[in-house]
1. Please specify each residue of region 80-106 satisfying the condition of being open to solvent by less than 40 Å² (accessible area, probe 1.4 Å) and touching a Pro at 6+ places or on another chain (Cβ under 9 Å).
2. Take the residues in region 39-48 that are part of a loop (DSSP other than H, G, I, E, B) and either open to solvent by less than 80 Å² (accessible area, probe 1.4 Å) or modelled with pLDDT of 95 or more (or both); name whichever of them is nearest to the ligand (Cβ to nearest atom).
3. Just a yes or no: is a residue in region 29-37 over 13 Å from the mean Cα position of the chain (by Cα), at pLDDT 55 or above and open to solvent by less than 70 Å² (accessible area, probe 1.4 Å)?
4. Against the definition (at pLDDT below 95 and either in a strand (DSSP E or B) or away from the ligand (no atom under 16 Å from the Cβ) (or both)), how does R112 come out, yes or no?
5. Are there any pairs with C-beta distances below 7 angstrom linking a residue in region 59-87 that is in contact (Cβ under 8 Å) with a residue 40 or more places away in the chain to a residue that is within 16 Å of the ligand (Cβ to nearest atom), with the two at least 6 apart or on different chains, and if so which?
6. Could you check region 35-70 and list, in sequence order, the residues that are out of contact with any strand residue (DSSP E or B) (no Cβ under 7 Å at 6 or more places or on another chain) and among the hydrophobic types (A, V, I, L, M, F, W, C)?
7. Please count how many residues of region 49-79 are farther than 16 Å from A102 by Cα, more than 14 Å from the ligand (Cβ to nearest atom) and open to solvent by 50 Å² or more (accessible area, probe 1.4 Å).
8. Can you name every residue in region 55-67 that is over 10 Å from E45 (Cα atoms) and in contact with an Asp or Glu (Cβ under 7 Å, 6 or more places away or on another chain)?
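The values are calculated or read from the model by the stated rules, or taken from the named source; none is laboratory data. Not measured: the values here are computed from a predicted model. With ideal geometry, Cβ positions are generated from the backbone for all residues, glycine too; neighbour counts draw on all protein chains shown. What goes into the accessible areas is simple: the full protein's heavy atoms, side chains included, and nothing from ligands, DNA or RNA. Shrake-Rupley method; radii C 1.70, N 1.55, O 1.52, S 1.80 Å.
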Amino acid sequence: MKGLVNVVGGSNLAQAASPTVMTVASGDVKKDSAMAAPADMADGEIRKVNVDNKKITIKHGEIKNLDMPGMTMVFQVKDTALLSKAKVGEKIFFRAEKSGGAIVVTDIQPGR
Ligand SMILES: [Cu+2]
């Protein structure tokens, strides 16, 4: 037989095509530059900051993980440090979670 060309030279494809699995790492999205809101974060605008009481008032959009429509409301914050950089009027992305019957903001990122 003539004309048969062996093109199966190796198995490089297997390596080149190894899929990148997208995982949502909860708790550490800080390093991502925020071109868009991370899937588990809501957008909002800071209306009031109360460092002494660890509270923040946010006019927020839909919070999908809490099944909450947009509104203006007061949140507890997990850590006062989150408030140190918070400014009234600032657009943010934030993460809110239910914790012991309260809704607690666990992360705040600069928004657009
Ligand atoms: Cu709300």
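1. Matches in region 80-106: I92, F93, R95.
2. M41
3. no
4. Values: at pLDDT below 95: yes; either in a strand (DSSP E or B) or away from the ligand (no atom under 16 Å from the Cβ) (or both): yes.
Answer is yes for this residue.
5. A86/I46; A86/I56; A86/I108; K87/I46
6. If the condition is that a residue be out of contact with any strand residue (DSSP E or B) (no Cβ under 7 Å at 6 or more places or on another chain) and among the hydrophobic types (A, V, I, L, M, F, W, C), then M35, A36, A39, V51, M68 are the ones that fit.
7. 3
8. Taking region 55-67 and keeping what is over 10 Å from E45 (Cα atoms), we get 55-56, 62-67.
Of everything in region 55-67, just one residue is over 10 Å from E45 (Cα atoms) and in contact with an Asp or Glu (Cβ under 7 Å, 6 or more places away or on another chain), namely N65.
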